[in-house]
1. Kirkwood hydrodynamic radius, segment 501-620, all distinct C-alpha pairs: what's the number in Å?
2. Mind putting a number on the dipole of the chain about its Cα centre? Charges go on the C-beta only, +1 for Lys and Arg and -1 for Asp and Glu, and I need it in Debye to the nearest 20.
3. Going down the table (K513/K568; K454/K602; K186/K361), which pairs top 19 Å between alpha carbons?
4. Once you list every other residue whose beta carbon is under 13 Å from the beta carbon of Y189, what net charge do they have if Lys and Arg are +1 and Asp and Glu are -1?
5. Hey, of (1) 94, 86, 50; (2) 99, 80, 65; (3) 99, 68, 67, which did the structure itself give for Cα extents along the principal axes in Å when calculated?
6. Is the shape of segment 783-934 rounded, prolate or oblate, going by the alpha carbon gyration tensor and its root eigenvalues a ≥ b ≥ c, with a/c under 1.5 for rounded and a/b larger than b/c for prolate?
7. If amide hydrogens are placed 1.01 Å from N in the peptide plane, which non-local residues have theirs closer than 5 Å to the one on G405?
8. Starting from the 7 Å offset along Cα-to-Cβ, what nm value, one decimal, do you get for the label separation of I327 and M703?
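Since every read-out is calculated from the coordinates, none of them should be taken as a lab result. Quick caveat: nothing in here was measured; it's all calculated off a predicted structure. FYI the Cβ positions are ideal-geometry reconstructions off the backbone, even for glycines, and counts take in every protein chain you see.
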Amino acid sequence: MRLFALFAALLLSYSVAALPGNYLAATPGNADFALVDRHSQALIMVDEQDHKGVLRAVNSLQRDIQRVSDKQLSIRHSGRAKQLLIIGSLGKSALLDQLVSSGKLDVSAIAGKWDAFQIQLISQPLPGVEQALVIAGSDKRGTIYGIYDLAETIGVSPWHWWADVPPKKQPQLYIKAGTAFNDAPKVKYRGIFLNDEYPALTNWSNEKFGGYNSKFYLHVFELLQRLKANFLWPAMWNNAFADDDWQNAVLADEMGIVMSNSHHEPMLRADKEWNRYGEGPWEYSTNRANIYKFWQQGAQRHKKLESIFTLGMRGQEDEPMSEGDNIELLQQIVADQRQILRDTFTEQPIESVPQVWALYKEVQGFYERGMRVPDDVTLLWADDNFGNIRRLPAAEERHRSGGAGVYYHFDYVGAPRSYRWLNTVPLAKIWQQMALARQYQADRIWIVNVGDLKPMEFPIDFFLRMAWNPEAFNADNLQQFATDWASQQFGPAHAATIAQLLQGYTRHNGRRKPEAVEPGTYSIFHYSEAQRVSAELTQLVQTSDSVQQQLGPALQDAYIQLVAHPLKASRAVFELNRAVALNRLHGEQGRASTNHQAEQVKFWFAEDARLTEQYHSLGDGRWNHMMSQPHIGFTYWRNPPANLMPVVSLASPMPVADMGVAAEGSAQSWPISEYAGQQLVLDTFYPHGQLQRQIEVFNKGTMPFEFSAKASADWIQLSHSSGKITVEQNIAVSIDWSKAQTGLNQAEVHVQGTGWGGAKVQVSAFKPASTATTGFVEADGYIAVEAASATVGDNSSKAWWQKVDGLGRTGPAMVAMTQADYQLSDLSQAPYLEYPLYFHSSGNFTLHSIVAPTLQLIPGRQLRIAVALNNGPPHIVDTLPDHSEQAWQQAVLDGVRTIKTPLQVVQPGAHRLRIYLLDPAVVLQKLLIDTGGLQPSYLGPPASLLISPEPG
């Protein structure tokens, strides 16, 4: 690896703190600032002429300090004290102006910047004042962010209201001597979209506040302030933000929240406002005058409020326009909207009025076919509704004065399957996609669809903090963020474990969204797949229960909301579907255990309902209606009206003893298989493959019976040769390789019990001539390799493979990264991933490259890699060969695409596979080489055995 590898490692290991700085002193020092000590408290000083939003935030800080220390600081507009907490906005605070003019405070680092703040400790700033902690903002929001930075630092989580996270009690609060720093956002507009909000959020807000009014939005706005966000698309399914309660808009402006409307609600008029006041059809070609007037009213209404005007037009209720691909009409619509803004904002140029064109769904096609808007309009690129950005700015588009942004999704209603219930997007995927957005300068607006807001607390926090400072996050500190976040909510003692739980359930949901999990998703036949996933989730739940038992009573509600509920709910849906699969199989095989599996289905369905009820009971019904989104029983993209109990098979076993036998890997069972002329067969054993395979002996009646099992060859080992069957029992079959012949060995296991003759299960084992193997060894008809197990070569400062934990379904992923617009001119210089392989066979095999469903998001670039075996010429592979709707739907449901490439292995032995980087944004997760025995499964088999060469 080149010298760059060391440089890259150092670069990626460095990060700016993603959570607020540690300027709170653990123990007081002589020069520390006493915000609260045993005998006194600092005096809060703020100018009464400062912004209303700042004064509101100061009052909130006063309450936060009291929550933490049980001491209430006084707020004054004038006066003196030995310890002052001075808060103010530049140009709105006479006291700040005095400190600046006297040379006590230098604000040049934030003056004139957008949303910037400065926190600085000053000695003897004024006569009679020993120390002052100054929070200065470049503007209203900057001051507010500084205020809440201090609140978070002293121990008040941004989620104290929305997730019942209690403050960390500290009777004394000291700020470290020498504290001085400033900060400002890298992304200008950073926010969320409350969407798909019925039934959960709507019913909750109706019950608690009487609807989506200013009493409700006050809490949304404050959460955004605490997370240093400034942008909101409001709930809109059956609501109209400014029309439902005009104080919504007034309060947003006061609190520094820039309002806009979603991608299909132009000119700050809600979709539902047209239903209420519109005249005629929502069709511009035939009803221009009425729609024009409707938009004029929206512009006039928000003239004095900080807003961003959405341009363009879609059909009502977020459908495509009825006029179809009429680009000329859409250009006329934008021109008219711009004219309305000119006529409204007569005292400023149109270029200074914030505007956005959301290139969502079919609207991006208008752009690609040549439609353009003025340079001062922000282009808001969208993902595919499943977290994969569709397009980013090309080099020539990055110079537009309006810039570009990204509309992202944690929640979606639509094909191929709606997902509205739990957090399903791993942090690593958010980071990988949004880091590309930052790199390609789509950083004017970052907004994410968060559905009901709860239960998306964890990814919302990450998304908005990354929007503030994308450079604070890298591939190597995502787990640290999770740990820090867990520590902020629950304390440091269990933070690392809680972080693993958060990442664990999200990894599981990232593999396949709960609404899309079906009985056949995870294989109950091959690689013990469903059983392994079950064991993984069971272990996570057991760990979670252990942690929860060790947390104090004050943390219980928050822990259930943020950790236990999403984890256990995810598990319940998985186990429900696994039980349905086993119930169906056992029913087809006539097992007496069919009814037990039916009871398991009922248990997990009831457990899902119990978990929801537990959530609703928290805080005496504080979160009633939340988490009530139907999520069981999908048959197509739209959710069912309620959770639907799956249909189960029931058996009526007779009071007799009746044996059945099944072999792992098949739905066939004896004696049905014998009648059909089919044999029970175990997959072939290999020395470096699966160590055991199972034969199941089961009862089809209610009376127990004795069985015996005997192998026809001494190289077959059985865990049980006899036993008594009440319901069922497994016989583990393994191989004594010292007794097996070189080559293919074939024999059978004879199981006798009830019935004529008994069952015969065919067993085969292949013993290769050579055991001197190195690398990932072929066995069981395949080689499976996790992408991150590679040796990396030829990384450079312009192009490199980056390992990212949490991005793969079964392990870390390798991400192709390059400088913006860099293209390789010489394939021999391309960074590569190298995997040592050992084949016991030869022939024309198939390489399955499993990649994330990334889209061709960079104009003029494909998503290619190159594959080479040994010293052969690299074969260029397009990882996005099929752009059809059907292929996309399958990819986003599976969370991956599988690309098949021919691979010719001329002779057995050691080989070397290389994957070369050609284009950025390819995410390689896993490699499977099918040598003739690869079985169908969702995640693929576990990694093959890796044998390292002996030393020397």
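1. About 15.3 Å, per the Kirkwood formula over Cα pairs.
2. For the chain, the charge dipole is close to 1140 debye.
3. Distance filter (> 19 Å) returns K454/K602; K186/K361.
4. Details: positive: R141, K186, K188, R190, K228, R444; negative: D115, E306, D443.
Computed value for this residue: +3.
5. The value computed from this structure is option (3).
6. Details: a/c = 1.62, a/b = 1.21, b/c = 1.34.
Oblate shape, in that a/c is at least 1.5 and b/c is the bigger or equal ratio.
7. L379, L380, W381, R444, I445
8. Taking the simple label geometry, I327 and M703 are separated by 8.1 nm.
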